[in-house]
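A short reminder: the numbers here are calculations on the coordinates, not readings from a lab. On a predicted model such as this, the values are computed, not experimentally measured, just so you know. Note that each Cβ is placed from the backbone with ideal geometry, even for glycine, and that neighbours are counted across all protein chains shown.
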Amino acid sequence: MSSKKIAIAVVASFALTSVAYAGSAVAAGKTTTLNFYHDKKGWDERFLAVSTALNDGANIKLKPSTFADTTIYQNTLNQAAKTGKGPDLLTWWSGYRMVDGAKNGIFADISDVWASAIKAGDVSADLQKQFQVGSKTYGIPNGVSFWPMFYNKKIFAQYGLSVPKTWAEFINICDTLKAKGITPLTASVDGAWPAFIWFEQLLISQDPKLYLDLTSNKIKYTDPKVKAVLQIWKDMIDKGYFTAGDTSFFGEAAVALMNKGTMIPVGTWNNSAFSVTGGLVGGKDYDAFVIPNINPALKTQSIIVEAGAIGALAKGKNLAQSKVALREWLKFPAQAMWADVSGDGVPNPKVPVADPVIKSLSKYVATNKVNQVQRYWESGPVPLIENGCAILSAFMLGKKTVDEVSTEMAALSDKEWAAWTAKYGK
Amino acid sequence: MRTAKVGRHIFLMVFAAMWLAPIYLLIINAMANTKNYMDNFDWAYKGFQPLPNFKAAWAAAELTPGLISNAIYGIVGAGVSVALAALSAYAVVALNPKAKQVWFWLIYGVNLVPIPMLLLPLFDIFARTGLYDTRAGLLLVYIGIAIPFAFFLSRNHMLSISREIVEAAQIDGASKLLVFTRIFLPLSWPALGAAFLFQFTWIWNDLLFGLTLTVSSNVRPLMATLSTLVGQYSTLKLPIVLCVTLIASLPTAFLYIVGQRLFITGLKAGS
Amino acid sequence: MIQTENKLGRLRGNTPRPSWLAFRGKLENAKNQRRKEGFGTYLFLVPATIGVLFVLLYPVLRTLWLSLTDTEGAGVGKFIGFHNYKTLVKDPILLRTMSNVAIWTIGTMALPVFLGLVIAYLALGLKGSAIYRMIFLLPYVLSGVAVASIWFHIFQTKGLVNQFLAGIGLERYQQSWLLNYPQNTISMIIAATWSGTGLIVILFTVGLQNIPLQTVEAATLDGANGWQMFRSIIWPQLKQIRAVVIGTALANSLRTFDIVWVMTQGGPSRTSETLGVTMYRESFLLNRYGYGASIAVLLMVLVVSVSYFSLRGGLKRENSL
């Protein structure tokens, strides 16, 4: 009995102190401190850097808290919607991943923030639809990353290889590297999710419209055009182009692979691994190119784009200030700060890109009007993507044939799309 | 007889060597020179720089608040749970309550529940009652989870305490509490000590409760903080991460080396 | 009880009483005794029970309730009766996940338990046995994540097992240990064996040391050799500690989650999923809280019933000594 009484007293005093600190700002003076939850391990410093820009511009400070496990992070926020207790700002994913949170009142509607930012030229209107559910917008972009092919420039030079303009040239590079004892390409099933990387890449290189139709359920996974792409993938797997499925290609592992000469298709958020962790010089030691089209009849190339989201908790205590913070985040000072600390691209077109690799890549994409296509991860009902990756993993490991994969994916797709539309409409 | 003994030694030495191999791996890679280290976790000697790696590890993982938090959770959590477990084990063994089996399974039963099942409902309660991200809240959970196995061990040991001693004390008019403190406690302290060590280690190494129920770096237990260091966005090199693991494991390793004798006597049924 | 009866006997001078009076006397004594025992006894039991219920009560009740709803994501679910359970029985992953649970259970019996017994038996009485036991116990102090990470690097395709095989000329046995079934499950069982055997060695050592020396000496005099000694003397004497070891090992192998989640996340392609992983996946990854809860209930029922039947046999009883 007594231990419980003590516990209640302790709990009560803790509760009182936390209530006193919550919402801090108003009583304390001019600066508002907003609680910012995220699951990007190692990015605390980047967010704190942005915080200094927000402080200068709007007297708002960020207090970032890292959640080490992404699944626990998502579940914490799911529960936050129900209990009303949570952060002021949070990171999330765009596209279909926002739907559940938007419909269930986790994210606040920030369409007005977008309207103001678009008007000021701080963000391109094209990006907005990735953060929309229905007619309302629920997040701002947390950096915008392309998924090019990173390659080792020195090894290319050593073997007389140059950036491929056609698919045939690309395959030739793969064959050359393989002949020299270098595994040409990375692929992984580690964690299941990386399985979609080559799937989406080959689809958009064949035809971006095919990809878009497939992911919006306009055509089926059993369509012969989809099967043809799967067959191309299978041929590459059988030729031994890819690294073993249990290799990772992020961070330190990416640098190790890069140093060996393997080409790595990964988001530009991984760029700092090469430049900072690996100490490689962009443009000299390594660089990136847009993967050429398989189908030579296509006029333009395509590239996968990944946009993370930052949103405000709808039931947050400091909602008004949170929205101010989001607006400020899109302005030049904060965006420039982000470009500086992350070495990645930013949504604000006015910010000059410092990193040489990102700079030349962005310039290429703009000049050649490369199609920017939303990542597979954000492009469909969540259970379809998650369970789909398990099926694609088996394919990558040679455990399923093209027909088996397309049939199973089609069945899964039908089931999950039906469940999704029943639940969320549209 | 002699050859049999030699044979046993050889068998045991081979297995012991196999057992130590992964620990060797851990150490050799934790002490490696980080300058040239790039995802090459293997047997080879890669330099030996324990001091710089330890320093980097200490700073990167904010080990000072982490170790303090863990010490509090471990000592208080294991201590309180063992105390409460001892009291209930005594009751079940010596005081003849009704429905003994029910009490046993009720208290031991928590040990059988899969931990992920507890995570979200506890988070739910914690968020609603303000216990989320507090040391007190996490402690309450650790105590609750640690009681069952401590209870199991204590009961097992207490059953071997001779009934005559207890009855003699009762005839002399000793109260229940006195019988507990004067007879059972002194006789069971090896078992209680062993239980403390087991539960201290469990609490010290906990990851899931720490991840789910806390978020601030000064409340978060050590393993949860450690897991923020690895991942696709991480900029820390593997030797530093392994160093953090090593440092984090030293206290428990030390306790076990010192307390090894305690196990054997503590789990003995006869005394 | 004995105390009171003796007192009464002395008071009444042991003269025989009419039976109904004697019966009423006994009843009153029993009631007095119960009241005396009751109050204090429960005071000892209550703190631990509260501690345990704090962690147990709400989660178990909530999980039971959730399993009867279709709660998903951040929304509120509605009551759907046993629908989740019906879906679960038809779920194609159930067969795979239960076979993995079976493999883990058999593997845990075959490896840590068997090996633990062998090591404990062989080390008994040897000089330096304490050092051996210490070495086997050392992995126990490492956190689950550390153990899983080390072994992941060992079993990775470019990892140390394959390197070792190449080093001794056995390249043809190289393979992706973690990417194929059932090698991935077996690899993880090896990792779990590494970390869990030490504890079992200790437990069996205790059991072995409890065997009375006279029994062993008598058997030796009778001419019992090693194997006979083990089978007829040692093995039966280990009954109680065996129940403890097997009971806890079984419960843990059924709930396997930590190592699998860190090493393979139940993959690739869900081939190494155990029931605990499936539950985590449905609840945490897919946010299907209702369905995940039904898997949790299944797992709980499995663990509790297996534990009950395996512990019941060997647990010491309070009244038998």
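The table below gives the values:
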{"item": "Contour excess over end-to-end distance, with Cα ends at C:A218 and C:S99 and 0.36 nm allotted per residue", "result": "38.3 nm"}
{"item": "The protein assembly as shown: C-alpha gyration tensor shape, a/c 1.5 cut-off, then a/b vs b/c", "result": "prolate"}
{"item": "0 to 90° range, to nearest 10: angle between helix C:19-66 axis and chain C longest Cα axis", "result": "20"}
{"item": "Phi-based couplings in Hz for the stretch C:295-305 (Karplus 6.51, -1.76, 1.60; Gly and Pro marked x)", "result": "5, 4, 5, 4, 4, 4, 4, 4, 5, 5, 5"}
{"item": "Residue-averaged [θ]222 nm for chain B, counting only DSSP H segments that reach four residues, each worth -39500 (n - 2.57)", "result": "-24000 deg cm²/dmol"}
{"item": "Tilt relative to chain A, helix A:356-367 - C-alpha long axis, 0 to 90 degrees, to 10", "result": "80"}
{"item": "Relative contact order for chain C, counting Cα pairs under 8 Å that sit 6 or more residues apart, in percent", "result": "25"}
{"item": "Relative counts (whole %) of C-alpha pair distances in the stretch B:136-187, using bins that are 5 Å wide", "result": "4, 17, 20, 18, 14, 12, 8, 5, 1"}
{"item": "At most 13 other Cβ within 10 Å, DSSP loop - trypsin sites (Lys or Arg not before Pro), the stretch C:64-125", "result": "C:K78"}
{"item": "Whole-Hz couplings from phi, Karplus 6.51/-1.76/1.60, listed for the stretch A:182-190; x for Gly and Pro", "result": "9, 5, x, 10, 9, 7, 8, 10, 5"}
{"item": "Cα shape, the stretch C:92-314, gyration tensor, a/c 1.5 rule", "result": "oblate"}
{"item": "Cα-based helix-to-principal-axis angle, B:185-204 vs chain B, degrees rounded to 10", "result": "30"}
{"item": "Spin-label pair A:E404/B:N36, simplified geometry with 7 Å Cα→Cβ offset, distance in nm", "result": "4.5"}
{"item": "Under 19 Å from the Cα of B:K35 - aspartates and glutamates, other chains or at least 8 residues apart", "result": "A:E252, A:D285"}
{"item": "Residue among C:E72, C:E273, C:E217 with the largest mean-square fluctuation in a Gaussian network model of chain C, springs linking Cα atoms under 10 Å", "result": "C:E217"}
{"item": "Fluctuation leader among B:A61, B:A127, B:A71 - chain B, Gaussian network, Cα springs under 10 angstrom", "result": "B:A127"}
{"item": "Coil-residue trypsin sites (Lys or Arg not before Pro) of the stretch B:37-116, DSSP, other Cβ within 10 Å capped at 12", "result": "B:K98"}
{"item": "Too-long pairs where the Cα-Cα distance tops 21 Å, listed order kept, from A:K209/A:K359; A:K41/A:K423; A:K41/A:K154; A:K239/A:K399; A:K284/A:K359", "result": "A:K209/A:K359; A:K41/A:K423; A:K41/A:K154"}
{"item": "Charged-residue dipole, Cβ positions (Lys, Arg, Asp, Glu), the protein assembly as shown about Cα centre, Debye nearest 20", "result": "2640"}
{"item": "Under-5 Å amide H pairs with A:I291, H placed in peptide plane, nonlocal only", "result": "A:M149"}
{"item": "Footprinting exposure proxy for C:H153, B:H157, C:H83 (fewest neighbouring C-beta atoms within 10 Å first)", "result": "C:H83, C:H153, B:H157"}
{"item": "Using θ = phi - 60° and Karplus 6.51 cos²θ - 1.76 cosθ + 1.60, couplings along the stretch A:131-146 (whole Hz; Gly, Pro as x)", "result": "10, 9, 10, x, 9, 9, 10, 10, x, 9, x, 9, x, 10, 10, 8"}
{"item": "Modelled FRET efficiency - R0 25 Å, C:H83 with C:I190, Cβ distances, 0.05 increments", "result": "0.05"}
{"item": "Net charge, B:M38 excluded, C-beta distance under 11 Å - Lys, Arg +1, Asp, Glu -1", "result": "+2"}
{"item": "Long pairs among B:K176/C:K127; A:K129/A:K317; A:K317/A:K415; B:K46/C:K127, criterion Cα-Cα beyond 32 Å", "result": "B:K176/C:K127; A:K317/A:K415; B:K46/C:K127"}
{"item": "Antiparallel DSSP beta bridges within the protein assembly as shown, percent to nearest 5", "result": "60"}
{"item": "Cα gyration tensor shape of the stretch B:65-267, rounded if a/c is under 1.5, else prolate or oblate by comparing a/b with b/c", "result": "prolate"}
{"item": "Label-to-label distance, nm, for residues given as C:A110 and B:W105 (7 Å Cα→Cβ offset)", "result": "3.2"}
{"item": "Coil-residue trypsin sites (Lys or Arg not before Pro) of the stretch A:214-246, DSSP, other Cβ within 10 Å capped at 13", "result": "A:K218, A:K239"}
{"item": "Sorted by Cβ density within 10 Å, fewest first, the residues C:E282, A:E404, A:E378, B:E164", "result": "B:E164, A:E404, A:E378, C:E282"}
{"item": "Among C:M109, C:M134, C:M263: highest mean-square fluctuation, GNM of chain C, C-alpha pairs under 10 Å", "result": "C:M134"}
{"item": "Residues whose placed amide H lies under 5 Å from that of A:I219, excluding near-sequence neighbours", "result": "A:L214"}
{"item": "Residues with amide H under 5 Å from that of A:A309, placed H, sequence gap 5 or more", "result": "A:W92, A:W93, A:S94, A:N142"}
